[in-house]
Structures are given as structure tokens and as C-alpha cells.
Amino acid sequence: MVTLNIERINAQSPYRLMPNHRPLFYDFITDYGIDYNIGFTPSDLLPGSEAYEFIITNPHHRKSPRDPKLRQTILALIYEFFRNRSAIMLYLCETGDNRQKHRSRLFESWYRASGHQTTFAYFAAELPDEYGISNYVALILRPDHPRFAAIAQQFSDTIELFREKPE
């Protein structure tokens, strides 16, 4: 089970995170008055692995201007998560408003701008659903993860399984 140190996160985060009622979730409000909930929930996408889906929600669906503090806050939480070298993070872009491609590009740009390309391995995939709507998913883990090669292969196999058309 992953544990997170809120004091360490808040020491690195420009926005103060407050624990949410859900384990591994936090709430904060931006300088623009926008509420966010961010955190990790156990995932069953990679059976046999302790993987977590990273979730970002804006419960009031308010449009956020470009806010570098938002990126820094999210990265502070992710860096704390990866203090555990066995951590496995999945990021699935929400499709309800048809902005999943934008979310995927934004998250990937944050990763590339973080300067941590050698600290973390990032595998991304696009998966069309049965209606032709593209879904975007990413796997992030440390290269020194004890089961790195097996996890990367399992992710690749899972993606291929989802791409296969049912007969």
C-alpha cells in the first residue's frame, strides 16, 4: 500500500493540499477560485500489480486558465507517490466532454517539461472504443522498479487486448 506524506507534499506544492475523505486523495483551491480533487485509486488494469490510477477532478467543471501552480501542485503529489520505487501509476483521460486528447497532450507536456524523463518511464497509448471514440492511457513507473520489464510488457499486452475487436 502506497503512503503519502502531506507535509512533504505541501512543502513542494504552491497550493496547500488538504486530505480528502477518500484515502490518497486531496483537495485544494487555486488562486482563480477553482476547486480540485487529486489523488490515487487502486487500479485493476494490471492484475497482480499494485497499480494506481491518478485522478484529477474539477467538481464544479469551471474552466481553468493556464496556471503553472496547478502543474507544480500536481507534480509535487506525483513525486511524493514515486518516492516508493515500486509505485505504478496509470493515467486515463476522462472522455465525458470530448477533451480527452487535450488532457493527454497537457499531461504529457507536463511530464516532458518536468525534467524527469530519466527518473520516470512513460508509456502512452490511444485506444478507440466500440464507438470510435479515442481513449488515452499512460503508464508511469520508475526505471528501477523491481519488475519494470514485466510491468511494461503487461501494459503492452493489455493495450493490445483492448485493441482486438470482439468477434
Give the residues of the range 8-21 that are open to solvent by 30 Å² or more (accessible area, probe 1.4 Å) and closer than 18 Å to Pro59 by Cα, sorted by residue number.
Arg16, Met18, Pro19, Asn20, His21
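One line per residue, one yes/no per condition, for (1) acidic (Asp, Glu); (2) open to solvent by 40 Å² or more (accessible area, probe 1.4 Å); (3) modelled with pLDDT under 90:
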position	(1), (2), (3)
Leu90	no, no, no
Lys101	no, yes, yes
Ser104	no, no, yes
Arg112	no, yes, yes
Thr118	no, yes, yes
Pro128	no, yes, yes
Tyr131	no, yes, yes
Ala149	no, yes, no
Ala152	no, no, no
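The values are calculated or read from the model by the stated rules, or taken from the named source; none is laboratory data. Just so you know, these numbers come straight off a predicted model, no measurement behind them. All accessible areas refer to the heavy atoms of the entire protein, side chains included, with ligands and DNA or RNA removed. Shrake-Rupley method; radii C 1.70, N 1.55, O 1.52, S 1.80 Å.
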